[in-house]
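A quick write-up on the structure given underneath.
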Amino acid sequence: MSSRRFCSSCGKKGVVLHDNFCEECFWKDNNIIDFKQRKLEIAYCLTCYGPKLPTGWSKGIEQQEIPDVVGYAYMRNIIASPDVDIQVGEYSKINWLNPNPEFMITYIGISDNIDGFAPHREEIEVEIKLLGGICKACVRKKTGSHDVTVQLRAKDRSLSEKEIDIATKTVFSVANELFQESTDAYVSDIIENHGGVDIYLGSNSLADDFISHLKKIWIAHHEKNYKLVTEEKDNKRVYRITHLFRLPGVKGGEIVLYKKELYRVDRITSQSVRLIKYKDHTGIHIRDWENLTIPNPGPSSISKLVVSEDNQTSSYLLMDLANYDTEEVNKDQFPRILDIGEEVQLIIWENKYFLPI
Ligand SMILES: [Zn+2]
Ligand SMILES: [Zn+2]
(Lines give C-alpha, C1' and ligand atoms only; values in the text may rest on other atoms or scores of the structure.)
(Ligands and ions follow the chains in the order given, each with its own letter.)
Protein backbone atom coordinates (compact mmCIF):
# COMPACT_ATOMS: atom_id res chain seq x y z
CA MET A 1 0.00 0.00 0.00
CA SER A 2 2.78 2.40 0.87
CA SER A 3 4.46 1.68 -2.46
CA ARG A 4 1.68 3.58 -4.21
CA ARG A 5 2.51 6.76 -2.32
CA PHE A 6 5.03 9.22 -3.67
CA CYS A 7 6.71 12.46 -2.52
CA SER A 8 4.49 15.47 -3.24
CA SER A 9 7.50 17.51 -4.23
CA CYS A 10 9.91 15.31 -6.21
CA GLY A 11 7.65 12.32 -6.96
CA LYS A 12 10.07 9.76 -5.52
CA LYS A 13 8.38 6.39 -4.76
CA GLY A 14 9.15 3.63 -2.33
CA VAL A 15 10.68 5.88 0.31
CA VAL A 16 9.52 6.87 3.78
CA LEU A 17 7.26 9.90 3.66
CA HIS A 18 6.36 12.42 6.34
CA ASP A 19 3.47 14.80 5.65
CA ASN A 20 3.66 13.48 2.05
CA PHE A 21 7.29 14.53 1.59
CA CYS A 22 10.41 12.44 1.30
CA GLU A 23 13.18 13.09 3.81
CA GLU A 24 15.19 15.33 1.50
CA CYS A 25 12.23 17.47 0.40
CA PHE A 26 10.77 17.70 3.90
CA TRP A 27 13.91 19.31 5.36
CA LYS A 28 14.12 21.81 2.53
CA ASP A 29 11.01 23.53 3.88
CA ASN A 30 11.12 22.82 7.60
CA ASN A 31 13.32 24.11 10.38
CA ILE A 32 13.76 22.69 13.82
CA ILE A 33 15.46 25.66 15.45
CA ASP A 34 15.28 29.43 15.19
CA PHE A 35 16.59 32.31 17.31
CA LYS A 36 14.69 35.39 18.51
CA GLN A 37 17.30 37.90 17.32
CA ARG A 38 20.23 36.95 15.13
CA LYS A 39 22.21 39.99 16.29
CA LEU A 40 22.65 40.76 19.99
CA GLU A 41 24.41 43.63 21.72
CA ILE A 42 25.49 42.61 25.19
CA ALA A 43 27.15 44.81 27.81
CA TYR A 44 30.12 43.45 29.71
CA CYS A 45 32.16 44.80 32.56
CA LEU A 46 35.55 46.14 31.56
CA THR A 47 36.76 45.72 35.14
CA CYS A 48 35.72 42.15 36.03
CA TYR A 49 34.57 40.85 32.61
CA GLY A 50 31.15 39.83 33.89
CA PRO A 51 28.61 40.03 31.04
CA LYS A 52 25.12 41.44 31.49
CA LEU A 53 22.78 38.51 30.92
CA PRO A 54 18.97 38.41 30.60
CA THR A 55 18.93 37.65 34.34
CA GLY A 56 21.20 40.60 35.25
CA TRP A 57 24.92 41.15 35.68
CA SER A 58 26.90 37.92 35.95
CA LYS A 59 29.74 37.72 38.46
CA GLY A 60 33.29 38.39 37.35
CA ILE A 61 34.92 35.80 35.09
CA GLU A 62 38.00 35.38 32.92
CA GLN A 63 37.83 37.33 29.69
CA GLN A 64 38.04 34.19 27.53
CA GLU A 65 35.08 32.66 29.39
CA ILE A 66 32.70 35.37 28.15
CA PRO A 67 31.60 33.54 24.95
CA ASP A 68 30.79 30.36 26.90
CA VAL A 69 28.77 32.16 29.55
CA VAL A 70 26.93 34.26 26.95
CA GLY A 71 26.35 31.22 24.73
CA TYR A 72 24.68 29.19 27.48
CA ALA A 73 22.72 32.13 28.89
CA TYR A 74 21.18 32.97 25.52
CA MET A 75 20.06 29.39 24.81
CA ARG A 76 16.76 30.70 26.19
CA ASN A 77 16.36 32.72 22.96
CA ILE A 78 16.24 29.56 20.86
CA ILE A 79 12.86 28.72 19.44
CA ALA A 80 12.47 24.94 19.10
CA SER A 81 10.07 22.24 20.17
CA PRO A 82 11.03 20.52 23.44
CA ASP A 83 12.02 17.27 21.74
CA VAL A 84 14.83 19.00 19.81
CA ASP A 85 18.23 18.49 21.39
CA ILE A 86 20.12 21.82 21.58
CA GLN A 87 23.86 22.26 21.85
CA VAL A 88 26.15 25.25 21.89
CA GLY A 89 28.67 24.82 19.08
CA GLU A 90 31.74 26.76 18.11
CA TYR A 91 32.61 30.41 18.62
CA SER A 92 34.44 32.46 16.09
CA LYS A 93 37.78 34.05 17.09
CA ILE A 94 37.55 37.22 19.15
CA ASN A 95 39.75 40.25 18.80
CA TRP A 96 39.87 41.55 22.37
CA LEU A 97 41.79 44.63 21.28
CA ASN A 98 38.58 45.88 19.71
CA PRO A 99 36.75 47.91 22.40
CA ASN A 100 33.46 46.38 21.28
CA PRO A 101 34.50 42.86 20.31
CA GLU A 102 32.28 40.82 18.04
CA PHE A 103 31.96 37.10 17.55
CA MET A 104 29.59 34.43 16.25
CA ILE A 105 28.04 31.62 18.25
CA THR A 106 26.79 28.52 16.47
CA TYR A 107 23.85 26.71 18.00
CA ILE A 108 23.11 23.15 16.91
CA GLY A 109 19.72 21.48 16.99
CA ILE A 110 19.29 17.71 16.50
CA SER A 111 15.92 16.10 16.02
CA ASP A 112 15.29 12.36 15.87
CA ASN A 113 11.52 12.27 16.05
CA ILE A 114 10.36 11.34 12.61
CA ASP A 115 9.86 7.63 12.20
CA GLY A 116 11.97 6.31 9.36
CA PHE A 117 13.97 9.55 8.87
CA ALA A 118 17.60 9.77 9.93
CA PRO A 119 18.42 12.16 12.81
CA HIS A 120 18.37 15.71 11.44
CA ARG A 121 20.94 18.34 12.38
CA GLU A 122 20.63 22.08 11.89
CA GLU A 123 22.93 24.98 12.76
CA ILE A 124 22.18 28.64 13.30
CA GLU A 125 24.67 31.42 13.77
CA VAL A 126 24.08 34.31 16.13
CA GLU A 127 26.12 37.50 15.94
CA ILE A 128 27.20 38.93 19.29
CA LYS A 129 28.60 42.39 19.86
CA LEU A 130 30.02 43.12 23.31
CA LEU A 131 29.83 46.67 24.63
CA GLY A 132 32.26 47.62 27.37
CA GLY A 133 30.85 49.16 30.54
CA ILE A 134 30.94 48.53 34.26
CA CYS A 135 28.81 46.22 36.37
CA LYS A 136 26.95 47.24 39.52
CA ALA A 137 29.32 45.31 41.80
CA CYS A 138 32.38 47.08 40.43
CA VAL A 139 30.70 50.47 40.75
CA ARG A 140 30.09 49.78 44.43
CA LYS A 141 33.67 48.63 44.96
CA LYS A 142 35.07 51.87 43.66
CA THR A 143 35.73 54.26 46.48
CA GLY A 144 36.47 57.91 46.25
CA SER A 145 35.03 58.22 42.78
CA HIS A 146 31.96 60.36 42.58
CA ASP A 147 29.52 59.85 39.80
CA VAL A 148 29.06 62.53 37.20
CA THR A 149 25.73 62.81 35.46
CA VAL A 150 25.09 63.97 31.91
CA GLN A 151 21.46 64.86 31.39
CA LEU A 152 20.66 64.75 27.71
CA ARG A 153 17.40 66.49 26.80
CA ALA A 154 15.69 68.30 23.93
CA LYS A 155 13.84 71.59 24.38
CA ASP A 156 10.04 71.10 24.64
CA ARG A 157 10.07 67.60 23.22
CA SER A 158 11.30 64.06 23.88
CA LEU A 159 14.53 62.79 22.41
CA SER A 160 14.12 60.53 19.41
CA GLU A 161 15.24 56.89 19.50
CA LYS A 162 17.92 57.81 17.01
CA GLU A 163 19.29 60.60 19.19
CA ILE A 164 19.41 58.31 22.22
CA ASP A 165 21.12 55.68 20.13
CA ILE A 166 23.77 58.12 18.86
CA ALA A 167 24.47 59.40 22.39
CA THR A 168 24.72 55.88 23.85
CA LYS A 169 27.10 54.67 21.16
CA THR A 170 29.19 57.83 21.57
CA VAL A 171 29.54 57.53 25.34
CA PHE A 172 30.62 53.88 25.14
CA SER A 173 33.18 54.58 22.46
CA VAL A 174 34.62 57.56 24.39
CA ALA A 175 34.72 55.45 27.59
CA ASN A 176 36.49 52.62 25.79
CA GLU A 177 39.13 54.98 24.46
CA LEU A 178 39.76 56.55 27.86
CA PHE A 179 39.59 53.29 29.78
CA GLN A 180 43.11 52.37 28.66
CA GLU A 181 44.46 55.30 30.69
CA SER A 182 42.08 55.63 33.60
CA THR A 183 39.97 52.92 35.17
CA ASP A 184 37.27 55.34 36.32
CA ALA A 185 36.36 56.13 32.72
CA TYR A 186 33.30 53.92 32.84
CA VAL A 187 29.60 54.26 32.15
CA SER A 188 27.80 53.17 35.29
CA ASP A 189 24.22 53.57 34.15
CA ILE A 190 21.97 54.97 31.45
CA ILE A 191 18.44 55.76 32.55
CA GLU A 192 15.63 57.17 30.40
CA ASN A 193 14.12 60.07 32.26
CA HIS A 194 11.56 62.80 31.43
CA GLY A 195 11.80 62.31 27.67
CA GLY A 196 15.58 62.35 27.84
CA VAL A 197 18.38 60.19 29.24
CA ASP A 198 20.57 60.48 32.32
CA ILE A 199 24.01 59.02 31.74
CA TYR A 200 26.04 58.27 34.87
CA LEU A 201 29.77 58.34 34.40
CA GLY A 202 32.72 57.46 36.61
CA SER A 203 34.89 60.52 36.02
CA ASN A 204 34.83 64.19 35.14
CA SER A 205 37.30 63.78 32.31
CA LEU A 206 35.06 61.16 30.70
CA ALA A 207 32.08 63.52 31.02
CA ASP A 208 34.04 66.43 29.54
CA ASP A 209 35.27 64.28 26.67
CA PHE A 210 31.78 62.94 26.03
CA ILE A 211 30.34 66.49 25.97
CA SER A 212 32.96 67.66 23.48
CA HIS A 213 32.06 64.71 21.23
CA LEU A 214 28.36 65.63 21.50
CA LYS A 215 29.18 69.21 20.53
CA LYS A 216 30.70 67.91 17.31
CA ILE A 217 27.40 66.20 16.51
CA TRP A 218 24.75 68.72 17.57
CA ILE A 219 24.43 72.39 18.34
CA ALA A 220 22.97 72.55 21.84
CA HIS A 221 22.70 74.42 25.10
CA HIS A 222 25.28 73.15 27.60
CA GLU A 223 25.61 73.97 31.26
CA LYS A 224 27.70 72.45 34.00
CA ASN A 225 26.31 72.55 37.53
CA TYR A 226 28.14 71.86 40.79
CA LYS A 227 26.42 70.68 43.91
CA LEU A 228 28.18 70.24 47.24
CA VAL A 229 27.40 66.72 48.41
CA THR A 230 29.65 66.04 51.41
CA GLU A 231 32.19 67.82 53.44
CA GLU A 232 34.64 65.15 54.43
CA LYS A 233 36.56 64.99 57.70
CA ASP A 234 39.61 66.70 56.27
CA ASN A 235 37.38 69.60 55.20
CA LYS A 236 37.73 68.64 51.60
CA ARG A 237 34.66 69.70 49.74
CA VAL A 238 33.21 67.16 47.33
CA TYR A 239 31.04 68.30 44.49
CA ARG A 240 28.72 66.31 42.33
CA ILE A 241 28.76 67.58 38.78
CA THR A 242 25.76 67.49 36.50
CA HIS A 243 25.96 68.45 32.85
CA LEU A 244 22.82 69.51 31.07
CA PHE A 245 23.02 69.11 27.31
CA ARG A 246 19.85 70.32 25.63
CA LEU A 247 19.20 69.84 21.93
CA PRO A 248 17.01 72.21 19.92
CA GLY A 249 13.30 71.52 20.09
CA VAL A 250 12.84 71.88 16.36
CA LYS A 251 13.48 69.17 13.81
CA GLY A 252 14.30 69.18 10.09
CA GLY A 253 11.19 69.93 7.98
CA GLU A 254 9.38 71.91 10.69
CA ILE A 255 7.91 75.35 10.04
CA VAL A 256 9.19 77.91 12.54
CA LEU A 257 9.20 81.60 13.35
CA TYR A 258 12.46 83.48 13.65
CA LYS A 259 12.45 87.26 14.16
CA LYS A 260 8.76 87.30 13.14
CA GLU A 261 9.45 85.72 9.74
CA LEU A 262 8.36 82.30 8.57
CA TYR A 263 11.06 79.67 7.93
CA ARG A 264 11.40 75.96 7.32
CA VAL A 265 14.07 74.08 9.29
CA ASP A 266 16.45 72.55 6.78
CA ARG A 267 18.85 70.72 9.11
CA ILE A 268 20.61 70.87 12.44
CA THR A 269 24.39 70.62 12.43
CA SER A 270 27.08 70.88 15.08
CA GLN A 271 27.52 74.57 14.25
CA SER A 272 24.08 75.90 13.50
CA VAL A 273 20.47 75.42 12.64
CA ARG A 274 19.98 76.00 8.93
CA LEU A 275 16.72 77.70 8.00
CA ILE A 276 15.08 78.48 4.66
CA LYS A 277 13.01 81.63 4.47
CA TYR A 278 9.55 81.19 2.99
CA LYS A 279 9.46 84.62 1.43
CA ASP A 280 12.49 84.25 -0.85
CA HIS A 281 13.63 80.64 -0.33
CA THR A 282 17.12 81.74 0.74
CA GLY A 283 19.00 79.86 3.43
CA ILE A 284 20.56 81.17 6.64
CA HIS A 285 22.54 79.59 9.46
CA ILE A 286 21.63 80.64 12.98
CA ARG A 287 23.15 79.79 16.35
CA ASP A 288 20.52 81.34 18.63
CA TRP A 289 18.12 78.44 18.10
CA GLU A 290 16.51 79.05 21.48
CA ASN A 291 14.69 82.01 19.84
CA LEU A 292 12.89 79.74 17.38
CA THR A 293 9.20 79.26 18.03
CA ILE A 294 6.47 77.24 16.40
CA PRO A 295 3.79 79.51 14.82
CA ASN A 296 0.41 79.19 16.50
CA PRO A 297 -1.89 79.03 14.62
CA GLY A 298 0.32 77.49 11.95
CA PRO A 299 0.11 78.13 8.22
CA SER A 300 -2.40 76.33 6.04
CA SER A 301 -2.43 75.26 2.42
CA ILE A 302 -4.52 76.88 -0.32
CA SER A 303 -4.95 76.51 -4.12
CA LYS A 304 -4.93 79.64 -6.32
CA LEU A 305 -5.19 80.29 -10.02
CA VAL A 306 -2.99 83.05 -11.43
CA VAL A 307 -5.56 84.96 -13.48
CA SER A 308 -3.54 87.94 -14.70
CA GLU A 309 -0.76 90.31 -13.83
CA ASP A 310 -0.66 94.06 -13.53
CA ASN A 311 2.75 95.52 -14.36
CA GLN A 312 1.67 98.97 -13.21
CA THR A 313 1.24 97.84 -9.63
CA SER A 314 3.58 94.84 -10.01
CA SER A 315 0.98 92.43 -8.78
CA TYR A 316 -0.83 89.23 -9.68
CA LEU A 317 -4.55 88.70 -9.63
CA LEU A 318 -5.07 85.40 -7.81
CA MET A 319 -8.35 83.50 -7.73
CA ASP A 320 -9.30 81.16 -4.94
CA LEU A 321 -10.23 77.82 -6.47
CA ALA A 322 -12.64 77.02 -3.65
CA ASN A 323 -14.85 80.14 -3.71
CA TYR A 324 -13.71 82.06 -6.89
CA ASP A 325 -12.81 85.15 -4.85
CA THR A 326 -10.01 87.16 -6.42
CA GLU A 327 -7.40 89.39 -4.88
CA GLU A 328 -4.26 91.25 -5.85
CA VAL A 329 -0.96 90.04 -4.42
CA ASN A 330 2.33 91.84 -4.81
CA LYS A 331 4.84 90.04 -7.03
CA ASP A 332 7.74 90.40 -4.63
CA GLN A 333 5.93 88.09 -2.25
CA PHE A 334 7.18 85.18 -4.39
CA PRO A 335 10.75 84.08 -5.16
CA ARG A 336 9.91 83.21 -8.77
CA ILE A 337 7.70 84.43 -11.62
CA LEU A 338 4.23 82.87 -11.63
CA ASP A 339 2.80 81.97 -15.02
CA ILE A 340 -0.57 83.32 -16.05
CA GLY A 341 -3.04 80.44 -16.01
CA GLU A 342 -0.88 78.48 -13.56
CA GLU A 343 -2.58 76.76 -10.67
CA VAL A 344 -0.36 77.21 -7.63
CA GLN A 345 -0.45 75.50 -4.28
CA LEU A 346 0.41 78.17 -1.73
CA ILE A 347 0.65 78.32 2.01
CA ILE A 348 -1.09 81.10 3.84
CA TRP A 349 -0.02 82.52 7.16
CA GLU A 350 -1.15 85.80 8.76
CA ASN A 351 -2.91 86.76 5.48
CA LYS A 352 0.32 86.43 3.51
CA TYR A 353 0.91 83.92 0.73
CA PHE A 354 4.12 81.92 0.27
CA LEU A 355 5.36 79.38 -2.24
CA PRO A 356 6.05 76.07 -0.47
CA ILE A 357 9.68 75.02 -0.03
ZN1 LIG B 1 10.95 14.39 -2.38
ZN1 LIG C 1 32.49 44.25 37.15
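Rolling a 1.4 Å sphere over the protein heavy atoms, what is the accessible area per residue of the chain, to the nearest Å²?
It amounts to 57 Å² per residue over the chain.
Can you give me the long-range amide H partners of N30? Hydrogens built in the peptide plane at 1.01 Å from N, cutoff under 5 Å, separation of 5 or more residues or another chain.
Here the answer is none, since no amide H 5 or more places off falls under 5 Å of that of N30.
Taking amide H atoms as placed 1.01 Å from N in the peptide plane, list the residues 5 or more away in sequence, or in a different chain, whose amide H sits under 5 Å from that of E254.
Here the answer is V265, since their amide H atoms fall under 5 Å of that of E254.
If you roll a 1.4 Å probe over the range 182-324 with all protein chains in place, what percent of the accessible area is carbon or sulfur?
Exposed carbon and sulfur together represent 47 percent of the surface.
Could you tell me what percent of the accessible area of the range 20-139 is made up of carbon and sulfur, with a 1.4 Å probe and every protein chain present? Walk me through the intermediate numbers first.
On the way: 3060 of 6570 Å².
That share works out to 47 percent.
Given contacts defined as C-alpha pairs under 8 Å and at least six residues apart, what's the relative contact order of the chain, whole-number percent?
Taking the mean separation of contacting Cα pairs over the length of the chain, I get 10 percent.
Just how far, in whole angstrom, is the range 32-62 from the range 296-336 if you go by their alpha carbon centroids?
64 Å
Along Cα→Cβ, 7 Å out, is where each label goes; now give me the distance between the ones at H285 and R121 in nm to one decimal.
Inter-label distance under the simple model: 6.1 nm.
Could you pull out every residue, at least 5 positions away or on a different chain, whose amide H is within less than 5 Å of the one on L40? Hs are placed 1.01 Å off N in the peptide plane, and Pro or chain starts have none.
E127, I128, K129
Taking the Cβ of I124 as the centre, find all other residues whose Cβ is under 10 Å away and add up their charges (Lys, Arg: +1; Asp, Glu: -1).
Details: positive: R38; negative: D34, E122, E123, E125.
With Lys, Arg at +1 and Asp, Glu at -1, the neighbours total -3.
Mind giving me the nanometre distance, one decimal, between the label points for N98 and K215, set 7 Å out from Cα along Cα→Cβ?
Label-label distance for N98 and K215, simple model: 3.2 nm.
Pull out a ≥ b ≥ c, the square roots of the eigenvalues of the alpha-carbon gyration tensor of the chain, then state rounded if a/c is under 1.5, prolate if not and a/b is larger than b/c, and oblate in the remaining case.
Here the chain falls in the oblate category.
Only helices at least 18 Å long along their own axis, judged from Cα atoms, and with Kyte-Doolittle mean hydropathy of -0.5 or greater: name those in the chain from DSSP H. Please report the intermediate quantities before stating the final value.
On the way: long enough: 161-179 (27 Å, 0.15); 204-217 (20 Å, -0.14).
Length and hydropathy pass: 161-179, 204-217.
The values are calculated or read from the model by the stated rules, or taken from the named source; none is laboratory data. These numbers come from a predicted model, not from an experiment. Counting neighbours? That spans all protein chains shown, and the Cβs are built from the backbone with ideal geometry, glycine included. Areas reflect the complete protein model, heavy atoms only, side chains present, ligands, DNA and RNA absent. Shrake-Rupley method; radii C 1.70, N 1.55, O 1.52, S 1.80 Å.
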